[in-house]
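Below is one structure, written out as structure tokens; comments come after it.
The values are calculated or read from the model by the stated rules, or taken from the named source; none is laboratory data. Since the model is a prediction, treat every value here as computed from it, not as a measurement. No Cβ is skipped: glycine too gets one built from the backbone with ideal geometry, and neighbour counts run over all protein chains shown. Accessible surface is based on the protein model in full, side chains and every heavy atom, while ligands, DNA and RNA are left aside. Shrake-Rupley method; radii C 1.70, N 1.55, O 1.52, S 1.80 Å.
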Amino acid sequence: MSKELVIISGKGGTGKTTLTSSLAYLMKDKIIVDADADAANMYILMKPKVKYSEKFKGNPKAYIDPDKCTGCDICRKLCRFDAIDITDDGVYVVDEIKCDSCRLCEIACPEKAITMKDVFSGEWYESETEYGLFVHAKLYPGAENSGNLVTMVKHRAHILSEEKGIEYILVDGSPGIGCPVISTISGANFVIIVAEPTPAGLHDLERVKKLCDSFKVKSGVVVNKYDLNEEKTKQIEEFAKKEGIEVLGKIPFDKCVPDAIVNLEIPYAACDRIKNAIEQIYKRAMELL
Amino acid sequence: MKLMITAKGDNLNSTIDERYGRAEYFIFYDTESGDFEAIKNPFLNDQGGVGVSTAKFTIEKGVNAIISGSYGPNATDVLKVSNIELYKAVPGTVEENIKLFKEGKLQKF
């Protein structure tokens, strides 16, 4: 069984991909997974050569059978997402982008004219990169990431790792504490939570730490851009101490990091100022994994 | 008593599935008779709410204790009020975990 190292953050924009891509650069014998399909950006830095791709299904969307619909208007009145429109010809249709798949219309329709229809919501890929095999996904416009999609890409990575005898799986997770994050953490061996020294950064760290605890998964904290607000960084360190989680390292702010990403370069490889901190985090994470 | 074990396959030699809600198979095992029934997880490909659906399914099956790797927060909320005991599986097969459970060697989650 390969070991799964997951990088998440309670809040978006904390530097999760900066750290994951840098770890991907340093780590040997691993498969990289981008589980953050809502804002998939690892591929920009990994420059993958796609070897295999497949479409995947999202939530089923309501479909109204025009032959059975009598135009009673119940579904349109009930829909909380305003997803049901009437065409100029008086035909009831569902706007698939607005439909939230709640099935209320399906239950309410007295004519049983509404059924749920599978739709494709994106594609997932198996790719080769300079840094190892890479499993990632892309959503179609308006589609959203789901626990199902995260499970699928992680599952695929585990199959590949077993086939090829690869020891580690490195996962770039999504921000927040929702369904995709739950799916990302489940089954992980160690979770790195990236936090930034802001009020929202600390608050969201608290929430995501609680989520890791509920799974009883070991976790550690990385403070990114720590020197932008040393006072908040201190608060994060105090929180970590109180909760008994280790601060694996603190990455200084460096204007070079956003510049590197703009130039499609991995921050670790491009920016000298963050090298020590990233190496320390990498070393410690591998010990704890 | 009736046990539920999350597994990657449909028999007692299958490996434990670390995941509760998105486990591949649920194995229901009767500790008195040694009989078991394997059911493919019907919620595996749902987009969300899988933990709660699985917890509901578990309760409907009249299970007394569950052996799985980890339990998510929403599933735990449902299971907590049902008097079902949650155990932490150890890496290995379903059979090995049942044996440890019978010997009282599995830790509660």
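Values as computed for the structure displayed
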| read-out | value |
| --- | --- |
| Whole-number accessible area per residue in Å² for the protein assembly as shown, which is evaluated in the context of all protein chains at 1.4 Å | 47 |
| Chain A - mean residue ellipticity at 222 nm from DSSP helices (-39,500 (n - 2.57) per run, n ≥ 4, rounded to 500) | -11000 deg cm²/dmol |
| Antiparallel %, DSSP beta bridges [both residues in chain B], to 5 | 65 |
| Share antiparallel - DSSP beta bridges, the protein assembly as shown, percent rounded to 5 | 50 |
| Largest to smallest principal axis extent of the C-alpha atoms in the stretch A:1-160, angstrom | 62, 30, 30 |
| Mean residue ellipticity (222 nm) of chain B, computed from DSSP H runs ≥ 4 via -39,500 (n - 2.57), nearest 500 | -7500 deg cm²/dmol |
| At 1.002 mPa s and 20 °C, Stokes D of the stretch A:135-288 from Kirkwood alpha-carbon radius, µm² per second | 126 |
| At R0 = 56 Å, FRET efficiency that the Cβ-Cβ distance of A:LEU228 and B:SER33 yields, to 0.05 | 0.30 |
| Separation between Cα centres of the stretch B:1-53 and the stretch A:136-169, rounded to whole Å | 22 |
| Relative contact order computed over the stretch A:99-145 (Cα-Cα under 8 Å; 6+ residues apart), in percent | 26 |
| Descending semi-axes in Å of the protein assembly as shown, equivalent ellipsoid built from Cα gyration tensor | 36, 31, 20 |
| Mean separation of Cα contacts under 8 Å (6+ apart) over length of chain A, as relative contact order % | 27 |
| The stretch B:76-109 and the stretch A:25-68: distance between their alpha carbon centers, rounded to Å | 34 |
| Long pairs among A:LYS210/A:LYS241; A:LYS61/B:LYS56; A:LYS210/A:LYS242, criterion Cα-Cα beyond 18 Å | A:LYS61/B:LYS56 |
| Order of exposure, largest accessible area first, which applies to A:TYR268, B:TYR71 with probe 1.4 Å | A:TYR268, B:TYR71 |
| Student exercise, chain A dipole from Lys, Arg, Asp, Glu Cβ charges, in Debye to nearest 20 | 740 |
| Candidates A:GLU196, A:GLU279, A:GLU126, ranked by Gaussian network fluctuation over chain A, Cα under 10 Å, top entry | A:GLU279 |
